[in-house]
Amino acid sequence: MADHSHAHSGIVAPTGVWWTDVPKQEKIWIMVAFAWCMILFAMMPLWHIRGGQNPSGIRSKVAPSDFAERTERFVQEYKVGEENGYPVVEPPPGSHVYLQGRMWSWYPVLKLKKDAEYTLHLSSTDVNHGFSLYPVNLNFQVIPGYDYGLRIVPKTAGDFRIICNEFCGIGHHLMVGKVLVVE
């Protein structure tokens with residue numbers, strides 16, 4: 001027969017140091033940690049609004065084929081040249097700009113004006129892609145079926161690269177796009 005003399009019920013508390021009073025120093029550290037957590041929690045909306053690291057955007061669902069069709073219309077309307085087989089488009093300031101992620105390219109090449117506002121629409125037509133604008137610290141998950149619209153104002157002229165930072169298959173390392181910002 002088993003010995004149950006060491007067992008406790010829900011009525012009788014087990015013996016040990018777990019139920020002793022918390023020392024004063026530990027109570028102080030718990031209060032400091034709790035206060036710091038509340039400060040950080042209260043700061044989250046401020047970081048979002050004033051910090052600029054989490055840009056708000058316009059999100060909507062879209063069929064991948066519909067987004068591809070919008071991108072093609074955008075390319076036909078604003079194409080100004082070609083680079084390595086990809087169309088270069090130069091939309092007027094204030095317009096909607098479409099950039100499509102697909103295995104294993106960003107389509108098309110964008111040519112934007114410095115200090116002009118655009119609404120950049122990002123989507124994927126096949127699998128998840130990661131949009132990373134180098135050397136700017138701008139990163140987004142680009143997911144098929146969703147249109148992410150971001151209001152952007154390029155502040156620096158130059159040649160920027162779009163890198164896919166989400167593994168998307170065997171040609172992932174080749175997935176580099178381009179944004180040209182001109183004066």
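Each reported figure results from applying straightforward, stated rules to the coordinates on display, with no laboratory input. The shown structure was predicted, so the numbers you read here are calculated from the model rather than taken from an experiment. Neighbour counts run over all protein chains shown; Cβ positions are idealised from the backbone, glycine included.
Hey, in the GNM for the chain with a 10 angstrom Cα cutoff, which one of PRO92, PRO135, PRO144 fluctuates hardest?
PRO135
Working from Cα positions, state the angle (0 to 90°, nearest 10) between the long axis of helix 64-78 and the longest principal axis of the chain.
Around 40 degrees separate the two axes.
Which whole-angstrom value gives the distance between the alpha carbon centres of the range 122-140 and the range 37-105?
Cα centroid of the range 122-140 versus Cα centroid of the range 37-105: 9 Å apart.
May I have the count of lysine pairs in the range 58-156 with C-alpha atoms under 22 Å apart, counting pairs 8 or more residues apart or located on different chains? Each step should come with its number before you reach the end.
Working: LYS79/LYS111; LYS79/LYS113; LYS79/LYS114; LYS111/LYS155; LYS113/LYS155; LYS114/LYS155.
For the range 58-156, the number of qualifying lysine pairs is 6.
Please find, in a Gaussian network model of the chain (springs between Cα atoms separated by less than 10 Å), the residue of GLU72, GLU26, GLU90 whose mean-square fluctuation is greatest.
Among GLU72, GLU26, GLU90, the largest mean-square fluctuation in the Gaussian network model of the chain belongs to GLU26.
What list of ³J(HN,Hα) couplings, whole Hz, do you get for the range 28-35 from phi and the Karplus terms 6.51, -1.76, 1.60, once you set θ to phi - 60° and write x for glycine and proline?
Rounded to whole hertz, the list is 4, 5, 5, 5, 4, 5, 5, 4.
Scan (i) 85, 45, 28; (ii) 81, 36, 27; (iii) 59, 50, 25 for the value of Cα extents along the principal axes in Å calculated from this model and give just the label.
Computed from these coordinates, Cα extents along the principal axes in Å corresponds to label (i).
Rank the residues THR119, THR156, THR20 as a footprinting-exposure proxy: fewest other Cβ atoms within 10 Å of their Cβ go first. Working shown, then result.
On the way: THR119 16, THR156 10, THR20 7.
If I rank by nearby Cβ atoms, fewest first, I get THR20, THR156, THR119.
Step through the residues of the range 150-155 one at a time and calculate ³J(HN,Hα) from phi using the Karplus curve (6.51 cos²θ - 1.76 cosθ + 1.60, θ = phi - 60°), rounding each to whole Hz and writing x for Gly and Pro.
Whole-Hz 3J(HN,Hα) from phi for the range 150-155: 10, 7, 10, 9, x, 9.
What are the residues whose amide H is under 5 Å from the amide H of CYS168, where those residues sit 5 or more places off or on another chain and H is modelled from the backbone?
none
If we count every other residue with Cβ under 11 angstrom of VAL153's Cβ, Lys/Arg +1 and Asp/Glu -1, where does the sum land?
+2
Normalised by the residues of the chain, what does the relative contact order come to in percent, with Cα pairs under 8 Å and at least six apart?
Values: 322 pairs, mean separation 35.2, N = 183.
Taking the mean separation of contacting Cα pairs over the length of the chain, I get 19 percent.
Which of LEU46, LEU112, LEU122 ends up with the largest GNM mean-square fluctuation for the chain, with Cα atoms connected below 10 Å?
Looking only at LEU46, LEU112, LEU122, the biggest GNM fluctuation is shown by LEU46.
Report, by chain and number, residues whose modeled amide H sits under 5 Å from the one on VAL97, excluding near sequence neighbours (fewer than 5 apart, same chain).
Under 5 Å from the amide H of VAL97 lie the amide H atoms of THR119, LEU120, HIS121, each far enough along the sequence or on another chain.
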